[in-house]
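Student: Handing you this structure, nothing more for now.
The values are calculated or read from the model by the stated rules, or taken from the named source; none is laboratory data. None of these values were measured; they are calculated from a predicted model. Cβ placement follows ideal geometry from the backbone for every residue including glycine, while neighbour counts extend to all protein chains displayed.
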Amino acid sequence: MGTSAFAGWVRRFEDEHRRRRDLGDPDWALGATLHPAVWAGIQRFQVGEDGDGAHLVAKADGAGDPDYARAVRLFLAEEQNHARLLARLLAAGGVPTLTGHWSDTAFVRLRRLMGLRTELLVLMIAEVIALRYYRALRDGVRDPLTSEVARRILADEQRHVPFHCERLRAALAELPRPVRRPVMALWRLLLLAVSAAVAANHGRALRRLGLGRARFVADVMASSRGVVTDVVAPFGVAPSGVARNDTSGSWRR
């Protein structure tokens with residue numbers, strides 16, 4: 001890949017960093033009041049957003065595209081900011097953060113098993129699930145501070161998915177064409193399993209947010225079709241899936 005392939009993404013991330021700096025933080029003095037089940041869900045997602053991403057950075061550096069390596073660092077800075085925002089939200093509600101969770105540990109270990117392509121495929125599972133969760137959190141609570149934090153994180157995640165799709169398109173293009181769709185079919189099967197596990201573990205919280213377990217899984221899987229469309233699209237063809245334009249309505253509402 002040419003060194004300019006991700007220069008536009010670097011500019012987008014840097015522009016967003018400046019916008020976020022100028023906007024400042026939400027008003028933490030508002031405090032937050034939520035059902036205990038919703039707080040428990042936020043605690044777990046906060047753990048998942050945390051981490052330095054050192055393994056991903058090393059793999060991005062090895063990809064041979066300085067612009068992509070820079071964009072990955074900016075992406076990770078946004079993820080770390082999400083962890084910070086969620087930690088401040090928990091503090092505003094008098095709820096402690098978790099030191100870790102087994103599901104996050106397992107997910108991180110799975111991501112590190114192989115190269116950049118596998119790490120991104122696993123990371124995309126977390127990103128697609130996060131999109132549906134943060135939309136539910138934004139729309140399903142009456143607490144203004146929580147809704148604002150979720151809105152900010154959701155806006156970032158909606159940018160992260162097409163960013164990763166673009167790199168995955170190049171990564172899958174290195175595979176024989178007949179293999180690409182089967183790879184993404186397996187990815188969707190893993191996404192189904194993980195989203196079902198998330199729905200089971202967060203069922204009480206999802207109900208409080210007005211979203212049943214089955215609907216959560218169905219929405220995640222519906223949105224994943226756009227990811228597949230974008231990732232397997234040949235070079236020279238403009239991607240048209242929901243990773244760029246949420247025609248399903250499940251991400252960008």
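Student: Looking at (1) surrounded by fewer than 21 Cβ atoms within 10 Å (Cβ to Cβ); (2) in contact (Cβ under 8 Å) with a residue 40 or more places away in the chain; (3) at negative phi, find the lone condition where Y68 falls short.
Tutor: That leaves (1) as the condition not met.
Student: A follow-up question, please. Select from region 1-48 the residues that are under 26 Å from R117 (Cα atoms), of a type outside the set (S, T, Y) and either assigned to a loop (DSSP other than H, G, I, E, B) or without any contact (Cβ under 8 Å) to a residue 60 or more places away in the chain (or both) and list them in ascending order.
Tutor: Of everything in region 1-48, those that are under 26 Å from R117 (Cα atoms), of a type outside the set (S, T, Y) and either assigned to a loop (DSSP other than H, G, I, E, B) or without any contact (Cβ under 8 Å) to a residue 60 or more places away in the chain (or both) turn out to be M1, G2, A5, F6, G8, R11, Q46, V47.
Student: Here's another thing I want to ask about it. If we only count helices (runs of 4 or more DSSP H) wholly inside region 135-229, which ones have 3 or more residues that are surrounded by fewer than 20 Cβ atoms within 10 Å (Cβ to Cβ) and touching a Pro at 6+ places or on another chain (Cβ under 9 Å)?
Tutor: Answer list for region 135-229: 144-173.
Student: Here is a further query. What single numbered condition from (1) without any contact (Cβ under 8 Å) to a residue 24 or more places away in the chain; (2) buried (at least 17 other Cβ atoms within 10 Å of the Cβ) fails to hold for E79?
Tutor: (1)
Student: Another question, if that's okay. Is region 13-35 home to any residue that is of a type outside the set (D, E, K, R), surrounded by 13 or more Cβ atoms within 10 Å (Cβ to Cβ) and under 20 Å from P162 (Cα atoms)?
Tutor: Yes, region 13-35 contains at least one residue that is of a type outside the set (D, E, K, R), surrounded by 13 or more Cβ atoms within 10 Å (Cβ to Cβ) and under 20 Å from P162 (Cα atoms).
Student: Return a yes/no flag: does region 232-252 have any residue that is surrounded by 14 or more Cβ atoms within 10 Å (Cβ to Cβ), modelled with pLDDT of 90 or more and not small (G, A, S).
Tutor: no
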